[in-house]
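First comes the structure, then the notes that go with it.
The values are calculated or read from the model by the stated rules, or taken from the named source; none is laboratory data. It should be emphasised that the depicted structure is a prediction, and the values quoted were computed from it without experimental measurement. All Cβ positions, glycine included, derive from the backbone under ideal geometry; neighbour counts span all protein chains shown.
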Amino acid sequence: GAVVSQHPSRVICKSGTSVKIECRSLDFQATTMFWYRQFPKQSLMLMATSNEGSKATYEQGVEKDKFLINHASLTLSTLTVTSAHPEDSSFYICSATLAGGRYEQYFGPGTRLTVT
Amino acid sequence: AQKVTQAQTEISVVEKEDVTLDCVYETRDTTYYLFWYKQPPSGELVFLIRRNSFDEQNEISGRYSWNFQKSTSSFNFTITASQVVDSAVYFCALLKGDSNYQLIWGAGTKLIIKP
């Protein structure tokens, strides 16, 4: 149980285009989902916390107009990288917590974004 | 301030050796949770263990064991009889003492198990 999927797993896009990444909790309802960014050989950097039906809470330094997050249901959150640039190339990971809060975060497999 | 320190950037051992990954944390909360996650080369993070601040019992799961010591603010992870499949980056994390389940992450320790 507690499976989180992400789609796509890899995406290559041209500079200036937008990319949408989906995060789904497959077998549980997730009241809270998180979006992380991970640079090579580094730890995870929290970008934003999103609760179903409300606006995401962004971490300091993360541009909310560039990284649009929508948490439309208890099983789906999306991250849209708008007007992507090469510096946005990274590994993006989502996670979800079970409704009721047992506190473990279950992670998706990640999305490798390359902006050319 | 809340902080997690994994001082070992990289550890390399030969298969079948035991290895301990260190994790030291800082928090002013009386209630908190500590976690270990494994990130294999595929990139997907795998949950290993959660420990709350009121439970100092050591935990063993197969070849994995965890030693939680509040007196030294440490939550170390030991793999006995290591195997090549254990090669991964291991992250220790601390749950902030509020309601939004935010994790404070250590920098990670890259574990290399040589055959």
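So that you can scan it fast, the table gives a plain yes or no per residue for (1) surrounded by fewer than 20 Cβ atoms within 10 Å (Cβ to Cβ); (2) in a strand (DSSP E or B); (3) away from chain A (no Cβ under 14 Å); (4) acidic (Asp, Glu):
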{"site": "B:47", "(1), (2), (3), (4)": "yes, yes, no, no"}
{"site": "B:55", "(1), (2), (3), (4)": "yes, no, no, yes"}
{"site": "B:71", "(1), (2), (3), (4)": "yes, no, yes, no"}
{"site": "B:90", "(1), (2), (3), (4)": "no, yes, no, no"}
{"site": "B:113", "(1), (2), (3), (4)": "no, yes, yes, no"}
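Conditions (1) in contact with an Asp or Glu (Cβ under 7 Å, 6 or more places away or on another chain); (2) of a type outside the set (Lys, Arg), marked per residue:
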| position | (1), (2) |
| --- | --- |
| B:63 | no, no |
| B:66 | yes, yes |
| B:71 | no, yes |
| B:75 | no, yes |
| B:82 | yes, yes |
| B:85 | no, yes |
| B:91 | no, yes |
| B:107 | no, yes |
| B:114 | yes, no |
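Please find, among B:26, B:56, the residue that is in contact with a strand residue (DSSP E or B) (Cβ under 8 Å, 6 or more places away or on another chain) and over 25 Å from residue A:36 (Cβ atoms).
None of the other options fit; the residue is B:56.
Quick one: which residue in A:64, A:41 is within 26 Å of residue B:34 (Cβ to Cβ) and surrounded by fewer than 21 Cβ atoms within 10 Å (Cβ to Cβ)?
Testing whether each residue is within 26 Å of residue B:34 (Cβ to Cβ) and surrounded by fewer than 21 Cβ atoms within 10 Å (Cβ to Cβ) leaves just A:41.
Take the conditions within 11 Å of chain A (Cβ to nearest Cβ) and out of contact with any Phe, Trp or Tyr (no Cβ under 6 Å at 6 or more places or on another chain) and apply them to residue B:96. Does it pass?
Taking the combined requirement at face value, the residue satisfies it.
Within the range B:73-88, which residues are part of a strand (DSSP E or B) and either touching a residue at least 60 places away in the same chain (Cβ under 8 Å) or away from chain A (no Cβ under 14 Å) (or both)?
B:74, B:75, B:76, B:77, B:78, B:79
Within the range B:60-71, can one find any residue that is of a type outside the set (Gly, Ala, Ser), touching a Gly at 6+ places or on another chain (Cβ under 7 Å) and at pLDDT 95 or above? Write out each step before concluding.
Of the residues in the range B:60-71, the ones of a type outside the set (Gly, Ala, Ser) are B:60, B:63-64, B:66-70.
Filter once more, so that each one left must be touching a Gly at 6+ places or on another chain (Cβ under 7 Å): none.
No, the range B:60-71 contains no residue that is of a type outside the set (Gly, Ala, Ser), touching a Gly at 6+ places or on another chain (Cβ under 7 Å) and at pLDDT 95 or above.
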